[in-house]
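Chemist: Here you go, one structure.
The values are calculated or read from the model by the stated rules, or taken from the named source; none is laboratory data. Note that the coordinates shown come from a computational prediction; the quantities given were computed from them, not determined experimentally. Virtual Cβ from ideal backbone geometry, glycine too; neighbours counted across all protein chains shown.
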Amino acid sequence: MLAWQLDMGVDEVLLDHPVPDVPPLRLEQLLAENDGTSASMAVTPAIRGAASQQDIIRSSLMLSGDAAPDTMSFDHQPVRANTGADLAAVSSITSLAELQAGLAGLDACPLKHTASNLCFADGNPGARLMIIGEAPGRDEDRMGVPFVGADGQLLDKMLMTIGVDRASAYLTNLLPWRPPGNRSPTDEETAMLLPWLFRHVQLAKPDIVLLLGGAAAKLILGSNDGIMKLRGQWHEIDFGDGVLRPALASLHPAYLLRSPAQKRLAFEDLLRLAKRLTANGKKGALGE
């Protein structure tokens, strides 16, 4: 149980200072609230007010025509169809530096207030290959750089097998902040951040996009299929600027560390990527 609590983030600080005027819920109050019984009225007015505020935020961020899901998971209906209108809010941003500054000031996103650092990008922003992962891990959150932990080291080794390094690729994540306890982001958080990711791709202008992990693949490809079905296939994706970019989904290095037997599938995907890079290489060398 202690190990489970550690995985859920019990060791992570969520606020700079304690909030003594909001007493925590007792277990029987929480259970009663979930059961819908009258005992749920024991919740303090301050907590009820906070819940009401969350409902307001949820309603204001809800995508038009879609009902908010009951679970916080990546396994939800893709929100990509609605990103066109959302991209209008960030379409005035004209540089990666401005985009990074805008994300740093995005106080409306709850993830910003629980993470240690913004993980914006790494590598060469002018590269022809852009790699999009899922979310920062513990090491990335501490250093503010994507793919610097054990999974990042594995990714570097994988890319080197096809002659690619961080000087010839541009790396970022679906989420710029690490969710507390590595939980899945809510649909509202994802819907808020996805337009920023699309603008990120537009400004970086890669020729090819590599999607690592089921979360990034599902959202960007607009599919509910698992990563095992999505991987290894090329898709033409419009990131909102009218340009169809080839995108390939593959297994996340963090998954490969847990399931090393699947490295064979990831290597097959890398070979497909290398072939596409070579075919497109007639336009110029990597990074040009």
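Chemist: Go through the residues of the range 116-139 one by one and say whether even a single one is under 17 Å from the mean Cα position of the chain (by Cα) and in a helix (DSSP H, G or I).
Modeler: Going residue by residue through the range 116-139, those that are under 17 Å from the mean Cα position of the chain (by Cα) are 116-122, 130-139.
This time we only want the ones that are in a helix (DSSP H, G or I), so: 138-139.
Within the range 116-139, one or more residues are under 17 Å from the mean Cα position of the chain (by Cα) and in a helix (DSSP H, G or I).
Chemist: Let me ask something additional. State yes or no: is Pro206 under 17 Å from the mean Cα position of the chain (by Cα) and touching a residue at least 60 places away in the same chain (Cβ under 8 Å)? Outline the logic, then answer.
Modeler: Working: under 17 Å from the mean Cα position of the chain (by Cα): no; touching a residue at least 60 places away in the same chain (Cβ under 8 Å): yes.
When the stated conditions are applied, Pro206 does not pass them.
Chemist: Ala215 is checked against (1) touching a Phe, Trp or Tyr at 6+ places or on another chain (Cβ under 7 Å); (2) among the hydrophobic types (A, V, I, L, M, F, W, C); (3) surrounded by fewer than 23 Cβ atoms within 10 Å (Cβ to Cβ) and fails just one. What number does that condition carry?
Modeler: With respect to (1) touching a Phe, Trp or Tyr at 6+ places or on another chain (Cβ under 7 Å); (2) among the hydrophobic types (A, V, I, L, M, F, W, C); (3) surrounded by fewer than 23 Cβ atoms within 10 Å (Cβ to Cβ), Ala215 is out only on (3).
Chemist: Which of the following residues is over 30 Å from Ala108 (Cα atoms), more than 11 Å from the chain's Cα centre (by Cα), crowded, with 23+ Cβ neighbours inside 10 Å and not small (Gly, Ala, Ser): Pro253, Pro260?
Modeler: Numbers: Pro260 fails: crowded, with 23+ Cβ neighbours inside 10 Å.
Exactly one of Pro253, Pro260 is over 30 Å from Ala108 (Cα atoms), more than 11 Å from the chain's Cα centre (by Cα), crowded, with 23+ Cβ neighbours inside 10 Å and not small (Gly, Ala, Ser), namely Pro253.
Chemist: Looking only at the range 141-162, which residues are of a type outside the set (S, T, N, Q) and in contact with a Leu (Cβ under 8 Å, 6 or more places away or on another chain)? Let's see the steps before the verdict.
Modeler: As a first pass, look at the range 141-162 and keep what is of a type outside the set (S, T, N, Q): 141-152, 154-160, 162.
Hits for the range 141-162 are Gly144, Pro146, Phe147, Ala150, Asp151, Leu154, Leu155, Met158, Leu159, Ile162.
Table: residues versus (1) under 25 Å from Trp4 (Cα atoms); (2) in a helix (DSSP H, G or I); (3) modelled with pLDDT under 95; (4) under 16 Å from the mean Cα position of the chain (by Cα).
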| residue | (1), (2), (3), (4) |
| --- | --- |
| Phe147 | yes, no, no, yes |
| Leu154 | no, yes, no, no |
| Leu159 | no, yes, no, no |
| Ala167 | no, yes, yes, no |
| Thr172 | no, no, no, yes |
| Trp177 | yes, no, no, yes |
| Ser184 | yes, no, yes, yes |
| Glu188 | no, yes, yes, yes |
| Ala191 | no, yes, yes, yes |
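Chemist: Return the residue satisfying two criteria in turn: it lies in the range 232-249 and is touching a helix residue (DSSP H, G or I) at 6+ places or on another chain (Cβ under 6 Å) and part of a loop (DSSP other than H, G, I, E, B), and of such residues it is surrounded by the most Cβ atoms within 10 Å (Cβ to Cβ).
Modeler: Looking at the filtered set, the residue picked out is Phe239.
Residues checked against (1) closer than 20 Å to His252 by Cβ; (2) touching a residue at least 24 places away in the same chain (Cβ under 8 Å); (3) aromatic (Phe, Trp, Tyr); (4) not assigned by TED's automatic domain parsing to the domain that holds Ser250:
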| site | (1), (2), (3), (4) |
| --- | --- |
| Gly105 | no, no, no, no |
| Val145 | yes, yes, no, no |
| Asp156 | yes, no, no, no |
| Met160 | yes, no, no, no |
